[in-house]
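The values are calculated or read from the model by the stated rules, or taken from the named source; none is laboratory data. What you see is a predicted model; the values in this text were computed from it and never measured. Ideal geometry is used to build each Cβ from the backbone, glycine not excepted, and the neighbour counts take in all protein chains shown. Please note that ligands, DNA and RNA were not included when accessible areas were found on the heavy atoms of the full protein model with its side chains. Shrake-Rupley method; radii C 1.70, N 1.55, O 1.52, S 1.80 Å.
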Amino acid sequence: MNSPSPVERLRTSGVISLEGGEFDVENNVWIVGGEENAVVIDASHDHEAIARGLGDRELMAIVCTHGHSDHVNAAADLADLTDSPILLHPDDTELWHHVHPGREPDAPLLHGEVLRAGGVELQVLHTPGHTPGGVSLYAPELSTVFTGDTLFPGGPGATEQASSDFPRIIASIREHLVSLPGDTVVHPGHGESTTVAEAAENLEVWASRGF
């Protein structure tokens, strides 16, 4: 039997309500760890599909990069199914409660904290801007960072919503992401991956265009 990759991507699809409209969206769900246990980064849309992706591995934690509905809407059901804790930065608690009004996350994600699963170390980086409590998760041994909706190949995540802040997301990318080694692979919450080097090359263009 082949050992699982330390980083696996599942794609899940659903519908989100945003600014009075409903939109189809596809999310990346990242399973990070080893043969015995793992963490899930962003439990989106389909908790049963995520559980199937985990297989027999113990789920150590459900890590939320931010509190938007398409990134947390399967978290409670997955937590109940697997008896695992939900981790979220406290600054996104209000957004979490829009989706799960009767439930609290189990523990806070704080800048500088280190999570471990299956021999993989994940360093928590507070990268606000898309939301106040947005985080990225850096795995130095894997030369990988999971950025949620903070950073994509084409630029920073959207900042049109009331809880978003464009200057802040640019500052987050500048201070915490493009300072990582250039060959670090950037795995976002939607779409395809990029590298820190590509982001560093384009950051000032993104900053000047304003989105």
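Among the residues making up the range 98-137, those that are modelled with pLDDT of 95 or more, under 16 Å from Gly33 (Cβ atoms) and open to solvent by 30 Å² or more (accessible area, probe 1.4 Å) are Val114, Arg116, Glu121, Gln123.
Filtered by the rule that a residue be touching a Ser or Thr at 6+ places or on another chain (Cβ under 9 Å) and among the charged types (D, E, K, R), the range 12-44 gives Asp24, Glu26, Glu35, Asp42.
Residue count for the range 71-87, restricted to those that are surrounded by fewer than 24 Cβ atoms within 10 Å (Cβ to Cβ) and closer than 22 Å to Ala158 by Cα: 1.
Which of the residues that make up the range 8-38 are farther than 22 Å from Gln161 by Cα, touching a Gly at 6+ places or on another chain (Cβ under 8 Å) and open to solvent by 30 Å² or more (accessible area, probe 1.4 Å)? If the condition is that a residue be farther than 22 Å from Gln161 by Cα, touching a Gly at 6+ places or on another chain (Cβ under 8 Å) and open to solvent by 30 Å² or more (accessible area, probe 1.4 Å), then Glu8, Leu10, Glu35, Glu36, Asn37 are the ones that fit. Here Ile41 passes the criteria (1) open to solvent by 20 Å² or more (accessible area, probe 1.4 Å); (2) on the phi < 0 side of the Ramachandran plot except the one numbered (1). Got at least one residue in the range 90-107 being at positive phi, of a type outside the set (Val, Ile, Thr) and part of a loop (DSSP other than H, G, I, E, B)? No, the conditions are met nowhere in the range 90-107. For the range 159-192, residues that are open to solvent by 10 Å² or more (accessible area, probe 1.4 Å), at pLDDT 95 or above and small (Gly, Ala, Ser) total 5.
If a residue has to be touching a helix residue (DSSP H, G or I) at 6+ places or on another chain (Cβ under 7 Å) and either free of Cβ contacts under 8 Å to residues at least 60 places away in the same chain or not β-branched (Val, Ile, Thr) (or both) to count, how many in the range 46-75 make the cut? Spell out the reasoning first.
Taking the range 46-75 first, the residues touching a helix residue (DSSP H, G or I) at 6+ places or on another chain (Cβ under 7 Å) are 47, 50-51, 59, 62, 64-69, 72-74.
Okay, now just the ones that are also either free of Cβ contacts under 8 Å to residues at least 60 places away in the same chain or not β-branched (Val, Ile, Thr) (or both), so 47, 50-51, 59, 62, 64, 66-69, 72-74.
Selection size over the range 46-75: 13.
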